[in-house]
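Data first, discussion second: the structure below is written as structure tokens.
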Amino acid sequence: MISDSKHTVLDIEKIRAEFPILHQEVNKRPLAYFDNAASSQKPQVVIDAISNYYSTINSNIHRGVHHLSQLATDAYEQSREKIRKHLNAEKKHEIIFTKGTTDSINLVANGFRQLLQEGDEIIVSAMEHHSNIVPWQLAAKEKGAIIRVIPMNDNAELIFEEYQKLLNEKTKIVAFNHISNALGTINPVKEMIAEAHKYNVPVMVDGAQAIPHTLVDVQDLDADFYCFSSHKVYGPTGIGILYGKEEWLEKLPPYQGGGEMIKEVSFEGTTYAELPHKFEAGTPHIEGGIVLGTAIDYINTIGVENIAAHEHALMEYALEKLGTIEGFNLIGSAKNKAAVISFLIDGIHPYDAGTILDKLGIAVRTGHHCAQPTMSRFNIPGTVRASFAVYNTYEEIDRLHEGLLKVKQMFA
Ligand SMILES: *Cc1c(COP(=O)(O)O)cnc(C)c1O
């Protein structure tokens, strides 16, 4: 048993065996992959489902009357239903296939851009990924709207009272992440949404880091929009989800024009298709959409809560172990924290640490993690980040610890 069984109910060795990519050497050392917040690795069922799609049912969807087109359409729509169920959305047409989190946020921000007026306000948080900042800035700039930022305290927790002060009748939308990719902070999403709803303000939640690690119920949260990327939840790249409440998706203008999203086209004017097709112009990433369903089945087979418990135990172990390193500084010590460890070691540049770790076969991320304002809040240019997935082990954390001691020897 690689993993300490008293910390987890999962057979991690068996799970690891399902991920072919993990069984290779990098720089003559076994790979230890800790860059899961950037993208997770794929289990064999997901890899097989991709191949299976192209080997058996590949065809364009929603158009053909022929056999393969029917099969592909059914598989795509079954996947949409699986995702609806997983998020506990009320209606299947509230689930929109997009390219990923970035695309989902741009879709919503583009819609709001057309609804905004000068002087309107958009609230985002101080711990956002650039993809939940820049689309709003683009929208605001064009319409003369104003971006307001929810600040965070030194523990990397959003300051709720400050958020309350920012909300007012000029606020048109609030956008923030469920879990910060740079700090691991889990935000009090439900409370924050309830607060915005006091002003009838809709809320867009960036769930990119939450879906791999928590069960999300969009109705319980009462989220107006919720999005995530497939590739961070053991699925393929280039596909993701936007959940939107029907009333909001009806209100928003389409994002892109083209085939599939129309009801009738003439040069006098065009009418749009019903949801979800209104937001799904063109031939989509069919295989990706289907295989995202496979990835969702995969996490549900293991149990999202079991995954979270394992990752949490790993994080506690890592924090304890790495905390013994002299000069180790954790960035982001929120009480409610997911399995992301962002840190600095005194006197050592994150890039140098990452390079040495890579020589030891250990993959971490270094830099600003697409969250420069978050880094600025802590007056740092970046961090080293180790983020965990279901297949990580205690032994790998021991190697990370040893690796960092080596980094210190070389640079201190
Ligand atoms: C990764 C990530 C994004 C961007 O996701 P893409 O898959 O690159 O579109 C946005 N927000 C958070 C919190 C993320 O972790």
> Before we move on, is H369 at positive phi and of a type outside the set (G, A, S)?
Replying inline: yes
>> I'd like the full set of residues that are over 13 Å from L107 (Cβ atoms) and either touching a His at 6+ places or on another chain (Cβ under 9 Å) or of a type outside the set (S, T, Y) (or both), limited to segment 266-283.
In response: F267, E268, G269, A273, E274, H277, G282
> Does segment 338-354 contain at least one residue that is surrounded by fewer than 21 Cβ atoms within 10 Å (Cβ to Cβ), among the hydrophobic types (A, V, I, L, M, F, W, C) and in a helix (DSSP H, G or I)?
Replying inline: no
> Taking into account only those residues within segment 325-337 that are in a loop (DSSP other than H, G, I, E, B) and among the polar types (S, T, N, Q), which is most open to solvent (accessible area, probe 1.4 Å)?
Replying inline: N336
>> Out of the residues in segment 362-405 meeting the condition of being assigned to a helix (DSSP H, G or I) and among the β-branched types (V, I, T), tell me which one is farthest from V134 (Cα to Cα).
In response: I397
> Given the conditions (1) open to solvent by less than 30 Å² (accessible area, probe 1.4 Å); (2) free of Cβ contacts under 8 Å to residues at least 24 places away in the same chain; (3) under 24 Å from S131 (Cβ atoms), and given that T73 satisfies all but one, which numbered condition is not satisfied?
Replying inline: (3)
> Using beta carbons and a limit of 6 Å, which pairs, at least six apart or on different chains, have the first residue in segment 135-160 and assigned by TED's automatic domain parsing to the domain that holds H178 and open to solvent by 10 Å² or more (accessible area, probe 1.4 Å) and the second one among the hydroxyl-bearing types (S, T, Y) and not in a strand (DSSP E or B)?
Replying inline: N155/S333
> Going through segment 34-52 one residue at a time, which ones are more than 16 Å from the ligand (Cβ to nearest atom) and open to solvent by 10 Å² or more (accessible area, probe 1.4 Å)?
Replying inline: Q44, V45, I47, D48, A49, I50, S51, N52
>> Tally up the residues in segment 361-382 that are open to solvent by 20 Å² or more (accessible area, probe 1.4 Å) and either free of Cβ contacts under 8 Å to residues at least 40 places away in the same chain or aliphatic (A, V, I, L, M) (or both), please.
In response: 8
> For residues in segment 6-33 being assigned to a helix (DSSP H, G or I) and either basic (K, R) or within 30 Å of T102 (Cβ to Cβ) (or both), which is nearest to the ligand (Cβ to nearest atom)?
Replying inline: I21
> Given the residues T355, T366, T393, T374, which is the only one that is touching a Pro at 6+ places or on another chain (Cβ under 6 Å) and of a type in the set (V, I, T)?
Replying inline: T366
> When you scan segment 71-118, how many residues do you find that are more than 15 Å from the ligand (Cβ to nearest atom) and small (G, A, S)?
Replying inline: 5
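The values are calculated or read from the model by the stated rules, or taken from the named source; none is laboratory data. It should be emphasised that the depicted structure is a prediction, and the values quoted were computed from it without experimental measurement. FYI the Cβ positions are ideal-geometry reconstructions off the backbone, even for glycines, and counts take in every protein chain you see. With ligands, DNA and RNA removed, areas are computed over all heavy atoms of the protein, side chains included. Shrake-Rupley method; radii C 1.70, N 1.55, O 1.52, S 1.80 Å.
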